[in-house]
Number of protein chains: 2
Amino acid sequence: MKVKIAKNSGFCFGVKRAIRMAQNAAEQNHEIVTLGPIIHNPQMVEKLAQKGISVVKNLAEIKGRATIIRSHGVKREILQELQKRGIEIINATCPYVSKTQEFATQLDREGYQIIILGDKDHPEVIGLRSYVKSESIIFSDATEIPDRKIKKAGIICQTTRNIQDLQKLVYELIPKTDEMRVINTICNATSVRQQSTIELAKESDLMIVVGGKNSSNTKMLAKISGRIVKTYHIETADEMRSEWIRKAERIGLTAGASTPDWIILDVYNKIIETTGEFDKEVRNVEDIPGFKEEK
Amino acid sequence: MKVKIAKNSGFCFGVKRAIRMAQNAAEQNHEIVTLGPIIHNPQMVEKLAQKGISVVKNLAEIKGRATIIRSHGVKREILQELQKRGIEIINATCPYVSKTQEFATQLDREGYQIIILGDKDHPEVIGLRSYVKSESIIFSDATEIPDRKIKKAGIICQTTRNIQDLQKLVYELIPKTDEMRVINTICNATSVRQQSTIELAKESDLMIVVGGKNSSNTKMLAKISGRIVKTYHIETADEMRSEWIRKAERIGLTAGASTPDWIILDVYNKIIETTGEFDKEVRNVEDIPGFKEEK
C-alpha cells in the first residue's frame, strides 16, 4: 500500500501568517479576541481558545480587548472604529487581500466603476467594497452582467476566485465598456490546491480530504476529488474508519488552506498505523511522500 | 421588383471627412499630393487627380507640395519630417485613429507593454506603433499569444478590427498578466456595415456590392454576402449586367466605407432603369429605400 499527500496541501501563506500572529499575540497578552473565527477550522479555533483567544461576533463584545483581524479582512469602518476606541489591533488580514483593498481604493480614485468578481456575502468582499467610496458592482459570474454600458470599468477579484471566471467576465464586459482595467488579484493558493488534488485523485483508489466541515475551500476539494474517485471528507483522524483504508492500494491525502499541519499529520500517521506500515511517526507535513508546496 | 440598400452603406465618418478636406484643399491650392492613395477607391482617386491632387509614394516625391495625410494616418516620424521641411500638412487622419495614437502614447508613458490587436502590415498599425517608444507587440489574433508573462499589458486595437477578436485576445491574455488595461478603440463603422449587409442579404435574391476591388472592407462585404445569397462585387455601374437583375425579385445593394455616393447612385439608377421601374433619378444615397446611417 502507498500513501501520498497532494503536492499543495494545508495552510496557505495568509492563513499560516494569521495563525502565527495570533499565537505570538497570545503569548504576550491574556485578553485577546478575534472578530469572527480566525479560520474555518473548529479544532484550530478551539486550540487558540485554550491559549486565551476567544471569538466575538461584533464590536460590542470586544470590551476593550486586543483584537485580531482575521485573514480575509474587515470593513474599513470597523478598523477605524477600533482605532477610535483605542483598541489594540492585531491585523492578520492576508497581504494579498490588503493589496486588493489598495487597488480598489486606487481605481476608485481614478474614476473607474469598480467591479468585483466575488460572492457578495463573503467576508472578504464585504470588507473589500468598503474601500470604494462610490457604489461598487459585484458579479458572482459573467451571467450577471446587465445589458448596459460602463464607460470605465475597474475589475478586481476576491482572492479565492478562479481565473476562468475572471476570463469569462472580462470577455463579456469588453463590448460593454470603452475602457477596462483588470487587476488580477486572484491568489493561486486555491487553484494549485485544487489542481494537485485532481492530479493525486487520478492516481489513487481512495482520497481522504482533511479540513473543517465549514471550510468552503476544503468542501470544494472533496467535491472535485469525489468526481474522480471514492472520497471521504473528515475533520480529524478520529473520524477515519479502518475499513475504508484496508481495501485501498493507493491512498491519496489532501487538506484545505485552513487545515493545520498537526491534524494532517494525525491522519497520515493513523493511516500508516492502520495499514501496519508504520515505521516511525512523521512530524512534518513536508515529510509525507508527495508534498511539495508551490507558489 | 424591389431594390433596397443596406442600412449602413458607403463612406464612413473618417473617409467622408478626409475626402471633404482634400476637396477643400484642392479648391485653394494647385500643388497638392497625398502620401499613398487617399482611399482604396480608384474612381475617387481619379476624380481628385482631375482636381490636381496627385498620389506620391514617399517623401522624396513630395517636392515641397502641400501634403494630405490619409485617413489611417502615418508614422509620427513622417509627420515630424514634413514639419521640419516646412511642408504644408493637411492632416486627414481619422479622428478615431488619432485618438488611438494618443492612447498608445499615454499607456506607453504609464509603463504598460503596448499590445496592438491588428495586422502588422496595415498602414494604420504601422503608423500607430510609431507612437510607442518601447517595442510594441502586435497580435493578429489570440492564437499568436506566446506562453510568457506580461506584467502590465496595455491593449489597443486597429480601428477596423472586430470586437470578437478583442474579446478572444483579452480572454487568453488574462492568465498571462498581473494587470491589463484595455482601450476599446474599435470603430463600429466596419461592424455595422457588415451587420446591415447580412440582414439585407437574408431578404434578397441577389446582392450587388459596390466598391474598390482593392478595398479590404468592400471585399469582406462581398464575401459575407456571398455566403448567404448570389452576390456580385462591382466597382462601377458599367460592370453591371442586365441579365443578373432581370431574374431577381428582391435586389440588395451595399457599399464599402470607401465607396463614394455618386458611384452608389449610378448603380442604383442603372438598376431601376434596367428593370423598367425608373421614375426619376435618385440624387442622394439617403433617398434609396432602406438607407439609414447608424453610429
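The values are calculated or read from the model by the stated rules, or taken from the named source; none is laboratory data. Quantities reported herein were computed from a predicted structural model and do not represent experimental measurements. Here the Cβ is made from the backbone with ideal geometry for all residues, glycine too, and neighbour counts use every protein chain on show.
Quick rundown of the values:
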quantity	calculated
Tally of residues being in contact (Cβ under 8 Å) with a residue 24 or more places away in the chain, assigned to a helix (DSSP H, G or I) and more than 13 Å from the chain's Cα centre (by Cα) across region B:6-22	2
Within region B:75-119, tally of residues that are of a type in the set (Phe, Trp, Tyr) and over 23 Å from B:Ser134 (Cβ atoms)	1
Residue match in region B:188-199 (condition: more than 17 Å from B:Gly290 (Cα to Cα), in a loop (DSSP other than H, G, I, E, B) and touching a residue at least 40 places away in the same chain (Cβ under 8 Å))	yes
Residue in region A:48-79 that is farthest from the chain's Cα centre (by Cα), counting only those that are among the small types (Gly, Ala, Ser) and buried (at least 18 other Cβ atoms within 10 Å of the Cβ)	A:Ala66
Residue within region B:132-154 that is more than 30 Å from A:Ala142 (Cα to Cα) and of a type in the set (A, V, I, L, M) present	yes
Among the candidates A:Ser54, A:Ser9, residue that is closer than 28 Å to A:Leu206 by Cβ and in contact with a strand residue (DSSP E or B) (Cβ under 8 Å, 6 or more places away or on another chain)	A:Ser9
Members of region B:113-126 found to be touching a Lys or Arg at 6+ places or on another chain (Cβ under 9 Å) and crowded, with 23+ Cβ neighbours inside 10 Å, listed by number	B:Ile114, B:Ile116, B:Leu117, B:Gly118
Among residues of region A:151-177, those that are more than 13 Å from B:Val182 (Cα to Cα), of a type in the set (A, V, I, L, M) and free of Cβ contacts under 8 Å to residues at least 40 places away in the same chain, counted	1
Candidate set: region A:179-200, residues that are within 10 Å of chain B (Cβ to nearest Cβ) and of a type in the set (A, V, I, L, M, F, W, C); chosen: the one surrounded by the fewest Cβ atoms within 10 Å (Cβ to Cβ)	A:Ile183
Of all residues in region B:167-178 being at the interface with another protein chain (Cβ under 7 Å from one of its Cβ atoms) and in contact with a helix residue (DSSP H, G or I) (Cβ under 9 Å, 6 or more places away or on another chain), the one that is surrounded by the most Cβ atoms within 10 Å (Cβ to Cβ)	B:Val170
Residue among B:Thr274, B:Thr218, B:Thr231 that alone is of a type in the set (Val, Ile, Thr) and modelled with pLDDT of 95 or more	B:Thr231
Candidate set from region A:23-47 (those that are hydrophobic (A, V, I, L, M, F, W, C) and not in a helix (DSSP H, G or I)); member that is nearest to A:Asp205 (Cα to Cα)	A:Ile39
Region A:150-166: number of residues that are of a type outside the set (Val, Ile, Thr) and either buried (at least 17 other Cβ atoms within 10 Å of the Cβ) or more than 11 Å from every other protein chain (Cβ to nearest Cβ) (or both)	7
Index of the failed condition, B:Glu203 passing every other in (1) more than 14 Å from chain A (Cβ to nearest Cβ); (2) free of Cβ contacts under 8 Å to residues at least 40 places away in the same chain; (3) more than 23 Å from B:Ile39 (Cβ to Cβ); (4) not small (Gly, Ala, Ser)	(2)
Candidates A:His72, A:His30 - the one that is on the phi < 0 side of the Ramachandran plot and out of contact with any helix residue (DSSP H, G or I) (no Cβ under 9 Å at 6 or more places or on another chain)	A:His30
Filter result for the condition that a residue is touching a strand residue (DSSP E or B) at 6+ places or on another chain (Cβ under 7 Å) and not polar (S, T, N, Q), over A:Ile155, A:Ile198, A:Ile126	A:Ile155
